[in-house]
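Q: Sending over a structure as structure tokens; questions will come in a sec.
The values are calculated or read from the model by the stated rules, or taken from the named source; none is laboratory data. Owing to the predicted nature of the structure, the values given are computational and were not obtained by experimental measurement. Cβ: placed from backbone, ideal geometry, glycine included. Neighbour counts: every protein chain shown. What goes into the accessible areas is simple: the full protein's heavy atoms, side chains included, and nothing from ligands, DNA or RNA. Shrake-Rupley method; radii C 1.70, N 1.55, O 1.52, S 1.80 Å.
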Amino acid sequence: MNTIFWVAGVIITLIIVLWFFPVALWFQAILSGVHIPLVQLVLMRWRGVNPKTIVMALITGTKAGLSLKANELEAHYLAKGNVPNVVMALISANKANINLDFKMASAIDLAGRDVLEAVQMSVNPKVINTPPVTAVAKDGIQLIAKARVTVRANIKQLVGGAGEETILARVGEGIVSSIGSSESHKQVLENPDSISKLVLNKGLDAGTAYEILSIDIADIDVGKNIGAVLQMDQSEADKNIAQARAEERRAMAVALEQEMKAKAQEARASVIEAEAQVPLAIADAFRKGNLGVMDYYKIKNIQADTDMRENIAK
């Protein structure tokens with residue numbers, strides 16, 4: 001029984017020692033031409049670094065002809081960087097004669113960009129399809145254009161450079177400007193390459209993480225006649241304004257008519273009130289002796305003639 005416990009203790013102790021002292025990993029590095037002290041591998045575990053990741057990266061880089069330093073890889077690992085991805089990017093850049101050092105590659109990786117994909121895009125350009133861009137020529141015809149933008153990663157601008165969204169926005173703006181400056185939509189349909197040449201000469205890739213190689217117009221469709229639509233809208237607006245002004249004049253005329261009717265009614269009331277005073281005045285004249293019987297009959301005859309003329313006039 002004691003022998004069993006002793007053997008188990010030796011095995012457990014051996015496992016712990018081999019875990020702290022990765023002799024197999026150190027021996028693998030020596031056989032691969034990577035010279036790294038065993039103590040450094042032990043210290044990596046204490047610092048929270050995976051020794052296998054660092055050693056395998058050193059072996060891969062050394063076999064590819066790169067000169068890598070364990071301390072730099074370890075520092076990049078501690079900074080939450082992707083060490084294998086950076087090493088593979090350096091190998092790809094070295095094989096493609098792209099000037100890329102470890103400092104730049106690690107900075108690109110820590111900036112959140114895929115440095116390996118960027119190197120691959122430098123070798124194999126990427127094609128970006130723009131969404132439909134709507135623009136109007138000077139003759140008022142709407143055109144809907146689609147373009148294919150061929151870009152290549154600009155390694156030096158990957159840190160701090162703008163992305164694909166900026167490229168698409170600038171290309172769309174250039175297409176709108178090019179179509180808008182055309183005298184007729186027929187010119188654009190006849191020479192769609194004039195758009196791509198004009199847009200390409202504007203240097204749209206300045207300050208971006210990509211280099212524009214070409215801009216090709218993939219499709220152009222004719223849309224609405226915007227000029228005619230605008231004229232119709234303007235005519236409708238002018239008609240509404242004219243109707244509003246006519247309604248305003250009608251309302252003013254109605255108001256003036258009502259005012260004149262009110263004044264006429266006031267005048268009639270004044271006349272009726274004055275006529276009501278006539279009999280009183282005649283009676284007063286009779287009492288004072290200022291009006292005789294013959295004078296009264298003359299007044300009545302005049303009044304009868306006046307009533308007759310009014311009836312005839314009506």
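Q: Determine, yes or no, whether A283 is of a type outside the set (D, E), farther than 30 Å from A145 by Cα and modelled with pLDDT of 75 or more.
A: no
Residue-by-condition table, conditions (1) at pLDDT below 80; (2) closer than 25 Å to I91 by Cα; (3) open to solvent by 80 Å² or more (accessible area, probe 1.4 Å):
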position	(1), (2), (3)
I15	yes, no, yes
L18	yes, no, yes
F21	yes, no, yes
L38	yes, no, no
I54	no, yes, no
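Q: Could you check region 92-102 and list, in sequence order, the residues that are surrounded by fewer than 18 Cβ atoms within 10 Å (Cβ to Cβ) and under 14 Å from E117 (Cα atoms)?
A: Those that are surrounded by fewer than 18 Cβ atoms within 10 Å (Cβ to Cβ) and under 14 Å from E117 (Cα atoms): A96, I98.
Q: Checking V127 against (1) at pLDDT 85 or above; (2) among the β-branched types (V, I, T); (3) open to solvent by less than 40 Å² (accessible area, probe 1.4 Å), which test does it fail?
A: (3)
Q: When only residues in region 177-201 that are touching a residue at least 24 places away in the same chain (Cβ under 8 Å), open to solvent by 60 Å² or more (accessible area, probe 1.4 Å) and among the aliphatic types (A, V, I, L, M) count, which is nearest to I144 (Cα to Cα)?
A: In this case the residue turns out to be L189.
Q: I'd like the full set of residues that are open to solvent by less than 20 Å² (accessible area, probe 1.4 Å) and either at pLDDT 85 or above or more than 48 Å from the chain's Cα centre (by Cα) (or both), limited to region 40-52.
A: Listed by number, the residues that qualify are L41, V42, M44.
Q: What do you reckon, is S235 among the polar types (S, T, N, Q) and either touching a helix residue (DSSP H, G or I) at 6+ places or on another chain (Cβ under 6 Å) or assigned to a loop (DSSP other than H, G, I, E, B) (or both)?
A: Considered against the rule, which asks whether it is among the polar types (S, T, N, Q) and either touching a helix residue (DSSP H, G or I) at 6+ places or on another chain (Cβ under 6 Å) or assigned to a loop (DSSP other than H, G, I, E, B) (or both), S235 comes out as no.
Q: Checking the structure you have, find out if any residue of region 135-157 is free of Cβ contacts under 8 Å to residues at least 24 places away in the same chain and either more than 28 Å from N97 (Cβ to Cβ) or open to solvent by less than 70 Å² (accessible area, probe 1.4 Å) (or both).
A: no
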